[in-house]
Amino acid sequence: PAPLFPCLQNDSWGKQYSHALFKAMSHMLCIGYGQQAPEGMTDVWLTMLSMIVGATCYAMFIGHATALIQSLDSSRRQYQEKYKQVEQYMSFHKLPGDTRQRIHEYYEHRYQGKMFDEENILGELSEPLKEEIINFNCRNLVANMPLFANADPNFVTAMLTKLRFEVFQPGDFIIREGTVGKKMYFIQHGVVSILTKGNKETKLSDGSYFGEICLLTRGRRTASVRADTYCRLYSLSVDNFNEVLEEYPMMRRAFETVAMDRLDRIGEERPLGPAWSPPRGHSTPAP
């Protein structure tokens, strides 16, 4: 077969280097030049220009296609990047295998493969939109909880906007007896056991709440609460609890009524004051 280029020994160095550059680019870019190799200098430079343009367009196409695919599920990509950091953290500290497995299961149940900066997203919205989204996200909690179902809608909205979502695994102690209480919890989904000194055990499930006694009495926890299943809860801090109930004193009495009933069941003294009968049509959740 004929050589790619005729003998260039007697040609000028410019022509020699131009053909050498052309051959190098052909190998580097893996782009063909057709059935016949360019002969004149004009053909060589035009062919190299076309190869550069073609390679650039191909690289841009690949880059844009990759960015498009990643943008289709950015939340999953963010979750994967976050979990890689968690894996490196566990490896760095040489955590035992069972602890790593629990951390993995926690992330799977807590984020379900997707991660959002929800606080930042809601913070950028107007108050009406924020309240609408929160009410929609917590619709199952409101539907299953008689305290919310029969309460003033303004109270429900004020309460929901201050809740924080949390997940607990089976066997986790959500509350330990004797500790200072800083939160109460609303059960969206799951089963918990209330454990008292006399080894009495009470089950609570979807639509119930617990931990309000300590917030009302400003004392220490009177019982322990253990998660029996994976529990999806909403927590309310003591400061937010008091802030909301200052605006709705009748709802404070509803909480006090349930708290006194629970204190009677575990044999504790009543530090909450006289009993209060809820108004007709209002029901409180089972302890």
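The values are calculated or read from the model by the stated rules, or taken from the named source; none is laboratory data. For clarity, every value in this text was computed on a predicted model and none was experimentally measured. Don't worry about glycine lacking a Cβ; one is built from the backbone with ideal geometry, like all the others, and counts go over all protein chains shown. Accessible surface is based on the protein model in full, side chains and every heavy atom, while ligands, DNA and RNA are left aside. Shrake-Rupley method; radii C 1.70, N 1.55, O 1.52, S 1.80 Å.
Filtering segment 191-200 down to residues that are in a strand (DSSP E or B) and β-branched (V, I, T), which residue is most open to solvent (accessible area, probe 1.4 Å)?
Restricting attention to segment 191-200, the residues satisfying the condition of being in a strand (DSSP E or B) are 192-195.
So of that shortlist, the ones also β-branched (V, I, T) come out as 192, 194.
Numbers: V192: 0, I194: 27 Å².
Of everything passing the filter in segment 191-200, I194 is most open to solvent (accessible area, probe 1.4 Å).
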Any residue at all in segment 93-107 that's of a type in the set (D, E), open to solvent by 90 Å² or more (accessible area, probe 1.4 Å), without any contact (Cβ under 8 Å) to a residue 40 or more places away in the chain and part of a helix (DSSP H, G or I)? yes
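V142: without any contact (Cβ under 8 Å) to a residue 24 or more places away in the chain, closer than 19 Å to V258 by Cβ and open to solvent by 20 Å² or more (accessible area, probe 1.4 Å), yes or no?
Working: without any contact (Cβ under 8 Å) to a residue 24 or more places away in the chain: yes; closer than 19 Å to V258 by Cβ: yes; open to solvent by 20 Å² or more (accessible area, probe 1.4 Å): yes.
Spelling it out, V142 is indeed without any contact (Cβ under 8 Å) to a residue 24 or more places away in the chain, closer than 19 Å to V258 by Cβ and open to solvent by 20 Å² or more (accessible area, probe 1.4 Å).
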The residue that is surrounded by the most Cβ atoms within 10 Å (Cβ to Cβ), considering only those in segment 145-176 that are in contact with an Asp or Glu (Cβ under 9 Å, 6 or more places away or on another chain) and either among the hydrophobic types (A, V, I, L, M, F, W, C) or at pLDDT below 85 (or both), is M145
One residue is enough: does segment 161-174 have a residue meeting the conditions part of a helix (DSSP H, G or I) and closer than 28 Å to F136 by Cα? no
Got a number for residues in segment 76-109 being within 20 Å of the chain's Cα centre (by Cα) and closer than 23 Å to F168 by Cβ? 18
If I ask for residues that are open to solvent by less than 50 Å² (accessible area, probe 1.4 Å), more than 15 Å from L147 (Cβ to Cβ) and in contact with a strand residue (DSSP E or B) (Cβ under 6 Å, 6 or more places away or on another chain), which ones from segment 180-190 would you list? G190
